[in-house]
1. As a test of the formula, what do you get for the chain when each DSSP H run with n ≥ 4 contributes -39,500 (n - 2.57) and the sum is divided by the residue count, at 222 nm and rounded to the nearest 500 deg cm²/dmol?
2. Extension gain GLU108-SER27, at 0.36 nm per residue separation less the Cα-Cα distance, in nm?
3. Using a ≥ b ≥ c from the Cα gyration tensor of region 100-240 (square roots of the eigenvalues), is it rounded, prolate or oblate, where a/c under 1.5 gives rounded and otherwise the larger of a/b and b/c decides, a/b for prolate?
4. From Cα pairs below 8 angstrom and at least 6 apart in sequence, can you work out the relative contact order of region 100-240, rounded to a whole percent?
5. Roughly how many debye, to the nearest 20, is the charge dipole of region 100-240 about its Cα centre, given +1 on each Lys and Arg Cβ, -1 on each Asp and Glu Cβ, and no other charges?
6. I want to check the label-to-label distance for THR11 and VAL162. Put each point 7 Å from Cα in the C-beta direction and report it in nm to one decimal.
7. What nm distance separates the two modelled labels at ILE242 and THR73, each placed 7 Å from Cα along Cα→Cβ?
8. For the chain, what is the relative contact order in percent, using Cα pairs closer than 8 Å and at least 6 residues apart in sequence?
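Coordinate-derived values only; no laboratory data. In this text, all values refer to a predicted model and were calculated from it rather than measured experimentally. Every residue, glycine among them, receives a Cβ derived from its backbone with ideal geometry; neighbour counts consider all protein chains shown.
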Amino acid sequence: MAELRVKGTGTLKLFENDNTSSVTIASPASLGGDRTVTLPDADVTLVSGTMSTGLTAADITGQTALGAEPADTDEFVLSDAGVLKRVDYSYIKGGDNTPAFFAYLDSEQTSVAGDTDTKVELATETYDTDNAFDSTTNYRFTVPAGAAGKYHVYGGVWCYAVGGASESQAKLFVNGSQVGCYINAGDDHSANTNITLSFAVDLDLSESDYVELYGKMNGGTSRSFYGLSGDWWTYMGAHKIIGA
């Protein structure tokens, strides 16, 4: 095989037809050994820019730490059945456990009728990510549009009745119908009832379904639901379960 050798300056100049401008191919000032540039068996067009000697470990692992959660449009490179593709962070980061809320009774709810399901008026909210809890009129959580799924719902009712109550109950209602009842039954009618009934349950909820907290006391007089600001003795909360 014939070779073309250029000595002296170590450059090869390719001039235009009019000999005014040229492309220079130059060797390094010094080499530690022979180097080979192998062209592919196809037509090749070089574009402007700097040719790299190849990826290093620093290039692959990242030379600079991000230091914060990636933006939704930040991209990762992955292999899809052997084909390298880009994917936005928004597709792989997963979702949040939202909608979510927590509401509580911050003062005594008095005049609770005996032997009657009574809605707890949870008028104070700690958080409500989607403005889905009504803390002014209906005291209910309504599943927002596009947010159907499984929800973890929890709560508690602090029941109080002068003279004691034969039975105290915390009840969970969905769309106006009872779906759970959490009961404490006692037979000491001489003492005052003072007990918190708590619960936690996972529910399948559809768009526009609404959830409410009720309490009920059988027996006793001057019945109330108690709530203290910051203590949340009477409360309800929920959040959507991701991946269920």
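1. -500 deg cm²/dmol
2. 20.4 nm
3. Cα axes put region 100-240 in the prolate bin.
4. 41
5. Taking the Cα centre of region 100-240 as origin, the dipole is about 100 debye.
6. So the two model labels end up 10.6 nm from each other.
7. Between ILE242 and THR73, the label points sit 2.3 nm apart.
8. It rounds to 22 percent for the chain.
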